[in-house]
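Below is one structure, written out as structure tokens; the observations come after it.
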Amino acid sequence: MAQKKINIAVAGATGAVGNQMIRCLEEMNFPANSIQLLASSRSVGRQLRFKGDLVDVKELKENSFKGVDIALFSAGGGTSEKFAPFAAKDGCVVVDNSSAWRMDPQVPLVVPEVNPHAIAQHTEKGIIANPNCSTIQMVVALNPIHKKYGIKRIVVSTYQAVSGTGKKAIDELFDQTRAIINFLNYETSVYPHRIAFNCLPHIDAFLDNGYTKEEMKMVNETRKIMEDDSIGITATTVRVPVFFGHCESVNIETIESVSAADVKMLLENTPGVRVIDDPKKNMYPLAIDAAGQDLTLVGRIRNDESIPNGINMWIVADNIRKGAATNTVQIARILTDEYL
Ligand code: NAP
Ligand code: 3JN
């Protein structure tokens, strides 16, 4: 059968995630018939490269989606909230990277390694949500353990790269680092405190319960994707002076008895996961190893000796690729191959 050809749009094409989406469409040889690159009015006049051709960036408008089959959105929650319904009305399926639609019961929240079947629900609103980057890498590693042994509780602390905040934050870490090592004054504008040579236990806005929105995204999204509201989850999310690659220290308590060796063997046979775990040779996942590739790296797998069924591990992935762009393009590919 001839390969379907898809008219695709990228909304937020000039951003850190949008740019990586374009690269992923190229790398994954996505069957694109045409591509629309959309951003704010500020970017009109710019051109971006797709498969060797220069493509004009156009302003995102309500009528941008006529004749478009799939639109990949990464232009912020407010933009998705406003424009995704216009796209859906024109028969285009939106795969949205923002938090705007993630917890909507009529919108599937998808990690292809975990719940690809949920994509079928796209017909309800014409929107599929891509989870938060910190959630994605955690569920890729934890879902097989949950399926086999049952997870009762998750305690996670994250170490998140500045690229998660976008292109201005990447520039801020670079500029502050250069200023400080040259004994110059530096500016702080993206984060409330200096990020260079520092760690900030604060990602997204604080809520009344004392947690941040990022922390509660991890709690709520994990339960939705793993289809189990009974899992106890608590998160602390921390911004660290790393450019690319989110790291997570994860402690789980299982229902069935499990050992570190069992978990290691299971994860060694899990698609999308690479186990790097040889501490005697100083081998464990690093942000710099995760950056630029699509696997979720897991190491430091060990028994939690403080409880009967506890396991500790360290989970690392490229937040802009598997945490955002790659996951979105993988969803778009399944949508194309199985539903359109
Ligand atoms: P970024 O580098 O700041 O880029 C923002 C993009 O959105 C730019 O292309 C910008 O266009 C566009 N944009 C902003 N306001 C717009 C408007 N009113 N109309 C049309 N386009 C508009 O940010 P980023 O890191 O790529 O992140 C973008 C969004 O993706 C985030 O807000 C978030 O919702 C989502 N995201 C998700 C994850 C995840 O965990 N899955 C991770 C990171 C980001 P201009 O260049 O013209 O301003
Ligand atoms: O900070 C990170 O590392 C991930 C950031 C994600 C993000 C940034 C701005 C707005 C999101 C998200 O995906 O949850 C949003 C948002 O859409 O709420």
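The values are calculated or read from the model by the stated rules, or taken from the named source; none is laboratory data. All values reported here derive from a predicted model rather than from experimental measurement. Virtual Cβ from ideal backbone geometry, glycine too; neighbours counted across all protein chains shown.
Points to keep in mind about this one:
- First in the range 140-163 and under 16 Å from Lys264 (Cα atoms) and of a type outside the set (D, E, K, R), second anywhere and within 16 Å of ligand 2 (Cβ to nearest atom) and in a strand (DSSP E or B), Cβ under 6 Å, 6 or more apart: Val140/Thr296; Ala141/Thr296; Ala141/Ile315
- Looking across the range 1-35, the residues that are of a type outside the set (A, V, I, L, M) and either within 16 Å of ligand 2 (Cβ to nearest atom) or assigned to a loop (DSSP other than H, G, I, E, B) (or both) come down to Gln3, Lys4, Lys5, Gly12, Thr14, Gly15, Gly18, Asn19, Gln20, Asn29, Phe30, Pro31.
- Counting only residues that are within 23 Å of the chain's Cα centre (by Cα) and not charged (D, E, K, R), the range 247-265 holds 5 of them.
- Filtering the range 168-199 to residues that are under 28 Å from Val219 (Cβ atoms) and either touching a residue at least 24 places away in the same chain (Cβ under 8 Å) or touching a Leu at 6+ places or on another chain (Cβ under 9 Å) (or both) leaves Ala169, Ile170, Leu173, Val190, Tyr191, Pro192, His193, Ile195, Asn198, Cys199.
- Every pair of residues 6+ apart whose Cβ atoms lie under 8 Å, when the first sits in the range 235-257 and is part of a loop (DSSP other than H, G, I, E, B) and among the basic types (Lys, Arg) while the second is within 15 Å of ligand 1 (Cβ to nearest atom) and at pLDDT 95 or above: none
- Pick from the range 58-110, criterion away from ligand 1 (no atom under 14 Å from the Cβ) and among the acidic types (Asp, Glu), ranking: surrounded by the most Cβ atoms within 10 Å (Cβ to Cβ): Asp69
- Looking across the range 127-171 at every residue that is in a loop (DSSP other than H, G, I, E, B) and polar (S, T, N, Q), the one that is nearest to ligand 2 (Cβ to nearest atom) is identified as Asn132.
- Meets criteria (away from ligand 2 (no atom under 11 Å from the Cβ), in a loop (DSSP other than H, G, I, E, B), aliphatic (A, V, I, L, M) and within 20 Å of the chain's Cα centre (by Cα)) for Val111: yes
- When Met216, Met265 are checked against the criterion of being within 29 Å of Pro108 (Cβ to Cβ) and not in a loop (DSSP other than H, G, I, E, B), a single residue qualifies: Met216.
- Within the range 20-48, the set of residues being closer than 21 Å to Phe244 by Cβ and surrounded by fewer than 19 Cβ atoms within 10 Å (Cβ to Cβ) comprises Arg23, Glu26, Glu27, Met28.
- Residue within the range 116-132 that is in contact with a Gly (Cβ under 9 Å, 6 or more places away or on another chain), more than 12 Å from ligand 1 (Cβ to nearest atom) and modelled with pLDDT of 95 or more present: yes
- Filtered residues of the range 92-107 (kept if part of a loop (DSSP other than H, G, I, E, B) and away from ligand 2 (no atom under 16 Å from the Cβ)): Cys92, Pro105, Gln106
Yes or no, residue by residue, for (1) in contact with a helix residue (DSSP H, G or I) (Cβ under 9 Å, 6 or more places away or on another chain); (2) in contact (Cβ under 8 Å) with a residue 12 or more places away in the chain; (3) buried (at least 16 other Cβ atoms within 10 Å of the Cβ):
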position	(1), (2), (3)
Pro201	no, yes, no
Tyr211	yes, yes, yes
Glu221	yes, yes, yes
Asp229	yes, no, no
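- Filtering Thr326, Thr296, Thr234, Thr270 for residues that are surrounded by fewer than 20 Cβ atoms within 10 Å (Cβ to Cβ) and in contact with a helix residue (DSSP H, G or I) (Cβ under 6 Å, 6 or more places away or on another chain) leaves a single hit, Thr270.
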